[in-house]
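Q: I have a structure here, written as structure tokens, and I will follow up with some questions on it.
The values are calculated or read from the model by the stated rules, or taken from the named source; none is laboratory data. From a predicted model like this one, the values you see are computed outputs, not experimental measurements. Here the Cβ positions follow ideal geometry from the backbone for every residue, glycine too, while neighbour counts run over all protein chains shown. Protein only, heavy atoms only, side chains kept; ligands, DNA and RNA dropped before computing areas. Shrake-Rupley method; radii C 1.70, N 1.55, O 1.52, S 1.80 Å.
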Amino acid sequence: MPQRTGLLAAALAIALLAFPVRAEQFSFMALGDTPYTLPRDDSAFQRLISRTNRLRPAFTVHLGDIKSGDTHCTDAVFSRALELFSQFEQPLVYTPGDNEWTDCHRANNGGYDPIERLSVLRRYMYADPARSLGRAPMPLHTQSADPAYGKFLENARWERAGVVFATVHIIGSNNNLQRDQAAVNEYIERNAANLAWINAAFARAREIDAPGIVFFFQADLAYEKENDVDARSGFRSEEHTSELQS
């Protein structure tokens, strides 16, 4: 996915949000598309980390794209991103973007197998899926705790002041509904897991009478293209999944 307007380099476009609920006010950071090009953006991202550490949010969520869409999908990129994430003093939760696996088949990304890159990314970023990243990790409830969805280490849920938060692995590049049968099969499996995870988050919110629920994912769902089925087929779940399986 190309760099978005207002890229969060240098901490200028961080989303700082507050939920004054249940007598507890807290803030969290949401950021993404950074560090985009290493080593060029390394120092800028470290300044962003320092700024975040000074603000001391309850947690930070990285919405994916730890590399640009025209750089190689090497293990070194994953390793360096993990090193940088470990510098956040408060918990950090990461959900993948398309640049770090979906688009890795492109020649300018190194011509990798996207499914293999996703497997490696999971090994790097979710070595302990029950805990966030960061120097003070917080416990997470992950979808992988359910044997039926054991591979989905990245789908996590947590609560703060009664608010339910969840990451959902929904990505750009039409949610990986593209190219070949391997991509289609991956999409079908992950889409089913995502739908189950969203339903589980709402069920938990009802169970605890949550005042709010927040979902984090990387994709732009392209609502402005509501009538363009090709542009939004990867985000239309039920009406197309049965067609893909037939």
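Q: I'm checking my understanding of the structure. Among residues of the stretch 83-97 that are more than 23 Å from L118 (Cβ to Cβ) and crowded, with 21+ Cβ neighbours inside 10 Å, which one is nearest to the chain's Cα centre (by Cα)?
A: Within the stretch 83-97, the first condition is being more than 23 Å from L118 (Cβ to Cβ), and the residues that meet it are 87-91.
In the following step, the residues that additionally are crowded, with 21+ Cβ neighbours inside 10 Å were identified as 88, 91.
Details: F88: 17, P91: 15 Å.
Top of the filtered list is P91.
Q: Another one. Of the numbered conditions (1) under 15 Å from A219 (Cβ atoms); (2) open to solvent by 10 Å² or more (accessible area, probe 1.4 Å); (3) among the charged types (D, E, K, R), R80 satisfies every one except a single condition; which is it?
A: (1)
Q: Taking only the stretch 226-246 into account, find how many residues are assigned to a helix (DSSP H, G or I) and at pLDDT 70 or above.
A: As a first pass, look at the stretch 226-246 and keep what is assigned to a helix (DSSP H, G or I): 229-235, 238-245.
Adding the requirement that they be at pLDDT 70 or above leaves 232-235.
Counting residues in the stretch 226-246 that are assigned to a helix (DSSP H, G or I) and at pLDDT 70 or above gives 4.
Q: For the stretch 103-151, name all the residues that are open to solvent by 20 Å² or more (accessible area, probe 1.4 Å), assigned to a loop (DSSP other than H, G, I, E, B) and touching a helix residue (DSSP H, G or I) at 6+ places or on another chain (Cβ under 6 Å).
A: If the condition is that a residue be open to solvent by 20 Å² or more (accessible area, probe 1.4 Å), assigned to a loop (DSSP other than H, G, I, E, B) and touching a helix residue (DSSP H, G or I) at 6+ places or on another chain (Cβ under 6 Å), then H105, P129, G150 are the ones that fit.
Q: Here's a follow-up. Quick check on my filter: what residues within the stretch 174-191 are open to solvent by 10 Å² or more (accessible area, probe 1.4 Å), farther than 22 Å from V93 by Cα and not β-branched (V, I, T)?
A: Quick first cut of the stretch 174-191, residues open to solvent by 10 Å² or more (accessible area, probe 1.4 Å) only: 174, 177-182, 184-186, 188-189, 191.
Now narrow it down to the ones that are farther than 22 Å from V93 by Cα: 174, 177-182, 184-186, 188-189.
The answer is N174, L177, Q178, R179, D180, Q181, A182, N185, E186, E189.
Q: Applying the selection to the stretch 29-77, what residues are of a type in the set (D, E), under 20 Å from D220 (Cβ atoms) and surrounded by fewer than 21 Cβ atoms within 10 Å (Cβ to Cβ)? Show your work before the answer.
A: Just the residues of the stretch 29-77 that are of a type in the set (D, E), to begin with: 33, 41-42, 65, 70, 75.
Adding the requirement that they be under 20 Å from D220 (Cβ atoms) leaves 33, 65, 70.
Result: D70, single match.
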